[in-house]
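Read-outs: derived from the displayed coordinates by stated rules, not from any lab. Please read these numbers as outputs of a predicted model, since none were measured by experiment. Note: ideal-geometry Cβ built from the backbone for every residue, glycine included; neighbour counts use all protein chains shown.
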Amino acid sequence: MTRVNPLEQEARLRVSLVLISHSGTLVQGLREMVRQVAGDDVRVEIAGGTEDGRLGTSAARIASALQNALAVGPDGEPDVLVLLDLGSAALSLEVALEELSERDHGRVRISEAPLVEGAILAAVQASVGASIEEVAAAAAGASTMPKMPRS
């Protein structure tokens with residue numbers, strides 16, 4: 001039986017992110033920001049725009065991003081935190097979630113956090129091996145984060 005050093009186990013990445021936007025350009029840029037802040041180790045899947053390049057969301061693109069995020073990686077089976085830009089993206093997300101098995105559906109959390117700030121904070125937490133609860137809480141904290149310094 002192989003023993004795992006508890007410190008190494010803590011550092012394992014346990015959460016992947018799925019970023020959903022009506023704009024493919026927006027989520028591509030956001031993924032780049034996330035990687036620059038949190039590093040390349042956090043799995044970040046994106047679903048933005050429609051198949052023909054227009055603004056909108058696509059259940060098929062979201063389903064593909066979810067499947068990729070849920071896939072077994074070097075650290076095992078990750079949980080997934082989903083962040084989205086506008087409420088109407090939730091409709092496409094609901095359709096995509098129907099394609100998942102009950103087991104995989106149970107590994108997905110949907111955040112109410114603002115997309116950009118929430119993605120950055122979530123990715124930083126995920127990069128240090130935080131649990132899905134900790135990653136989701138970090139993202140949620142973005143809702144009350146001031147953008148301007150207060151005097």
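Checking each residue in the range 74-120 for being crowded, with 16+ Cβ neighbours inside 10 Å, without any contact (Cβ under 8 Å) to a residue 60 or more places away in the chain and among the polar types (S, T, N, Q) picks out only 111.
Take residue 42 and tell me if it is of a type outside the set (Phe, Trp, Tyr), in contact (Cβ under 8 Å) with a residue 24 or more places away in the chain and touching a helix residue (DSSP H, G or I) at 6+ places or on another chain (Cβ under 6 Å). Judged against the criteria, residue 42 is a match.
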